[in-house]
Structure formats: C-alpha cells, structure tokens
Amino acid sequence: MENLVFEGFKFMALGMGTVFSFLIIMIAAMNLQSYIIHKFFPEPIPTIPGSTKKNNDKAKIAAISAAIQHHKNVKG
C-alpha cells in the first residue's frame, strides 16, 4: 500500500514539473517573439494632420476663458 502512495506522489510531481517547465518555456518564447516583433515592426506614432501644439494651446485658453466667463455669469 505504501508503495502505491509513493508512486502516486512521484507521478504527481513529475506531471506538475512537466507542466510548470512547459509554461516557463512558453512564457520565455512569447517574450522573445514580442521583443523581435517590436524591434522589426514598431507601431507607428499616430499624428493628427494640421494639429500643432500652438493651436491646441489657443483652444485650451479659449475653453478655460469661456468656462470662467460662464461661471461668473451664473454666479452673479
């Protein structure tokens, strides 16, 4: 009886070790693939045509000024 329990634990450790080893190898392979893909095929940085920081700053200033003016009109 004792021999069967020992054999069961041995097979359990062997199976869990095999699965754990496979998962470690799979994660390493996926990380390597990700590195290679990002190195040779980088994602393009999206840009909005005609949009500059100067235009964005003016739009922000106008929006803030309008909000302050609206707040003053509602409050007083």
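Brief remarks follow.
- Test: residue in the range 6-25 that is modelled with pLDDT under 90 and among the β-branched types (Val, Ile, Thr): no
Conditions (1) at pLDDT 85 or above; (2) loosely packed, with under 10 Cβ neighbours inside 10 Å, marked per residue:
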position: PHE40; (1), (2): yes, yes
position: THR47; (1), (2): no, yes
position: LYS54; (1), (2): no, yes
position: GLN69; (1), (2): yes, no
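The values are calculated or read from the model by the stated rules, or taken from the named source; none is laboratory data. The shown structure was predicted, so the numbers you read here are calculated from the model rather than taken from an experiment. All Cβ positions, even for glycine, are placed from backbone atoms using ideal geometry, and neighbour counts span all protein chains on display.
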